[in-house]
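Asks: Can you read through this structure? Questions will come right after.
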Amino acid sequence: MAFSPDGRIVATGGHDGAVKLWDSATGLVKRSFDAHDGEIVSIEFSPDGKMIASVGWDKTVCIWETSTGIELATLRSKRDYGKDPVVKFSPDGGTLAVHRGYHVELWKVAMKESSVDSRRPELSYHLADVFIQPVCPYVGFWKTSLAFSPDGHTIVASAGTAVMFDITTSSLVWRFVPTGDKFRNDGINGLAFSPDGKSLTAATNNGVYLWEFQRGE
């Protein structure tokens with residue numbers, strides 16, 4: 001489930017593979033369209049609200065036009081998605097991150113000028129397969145998650161463990177591997193940057209952790 005940036009529309013995806021757009025004020029369905037062959041796992045609005053990205057167990061990521069429900073692009077993968085695939089737009093809407101199991105792919109999203117269809121986004125591979133170190137055997141339940149920094153220059157992804165990397169250079173900036181008795185049966189379930197991008201929080205099974213990167217902590 002995801003809210004549009006203006007809060008007027010709620011997008012949902014379910015086991016039937018359909019994306020439904022709801023009026024948040026009336027609770028009525030404004031639009032419904034078949035999106036995936038099977039369950040939809042993650043759904044996300046672009047920052048301007050004009051596009052919706054969805055990912056399902058059918059190994060496809062689809063981009064839709066919000067106002068019409070027209071499918072603008074489809075990304076297909078032969079890789080097994082693994083646990084809970086996730087999609088996330090960068091703050092400027094120019095990059096789409098796809099978290100596939102222990103891998104993260106970044107796609108550049110640029111609106112292609114075309115006399116036939118000016119709305120169609122042009123997608124090009126920007127960064128291939130950033131590998132996240134598999135979780136240690138003693139790490140318990142966890143969920144995949146993604147978070148862009150507010151300036152869009154870095155992204156952090158978790159699959160039990162967590163990594164942060166620079167988008168422009170594809171270089172690893174930071175890694176967190178929960179080890180020792182303190183993190184036994186623990187795992188990262190959610191990530192979020194502070195509005196200024198200087199702090200990162202992680203929600204785990206046993207609590208919430210905070211890192212302040214300005215101080216190098």
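Asks: Could you list, in their original order, any pairs among 59/143; 20/198; 59/108; 88/198 whose Cα atoms are separated by more than 29 Å?
Replies: Among 59/143; 20/198; 59/108; 88/198, the Cα-Cα distance tops 29 Å for 20/198.
Asks: Still on this structure: Residue separation times 0.36 nm, minus the C-alpha to C-alpha distance between residue 151 and residue 3: what's the value?
Replies: Extending this stretch completely gives an extra 51.2 nm.
Asks: Hey, another quick one. Could you order peptides 58-70, 2-14 by the average number of other Cβ atoms within 10 Å of their residues, highest first?
Replies: Taking the mean over residues of other Cβ atoms within 10 Å, the ranking is 58-70, 2-14.
Asks: Expected output is a single nm value to one decimal: the length gained when fully extending between residue 171 and residue 192, i.e. 0.36 nm times separation in residues minus the C-alpha distance. What is it?
Replies: The residue 171-residue 192 span can extend by a further 5.5 nm.
Values in this text are rule-based calculations from the coordinates and carry no lab data. Quick caveat, the model's predicted, so the values are computed rather than measured. With ideal geometry, Cβ positions are generated from the backbone for all residues, glycine too; neighbour counts draw on all protein chains shown.
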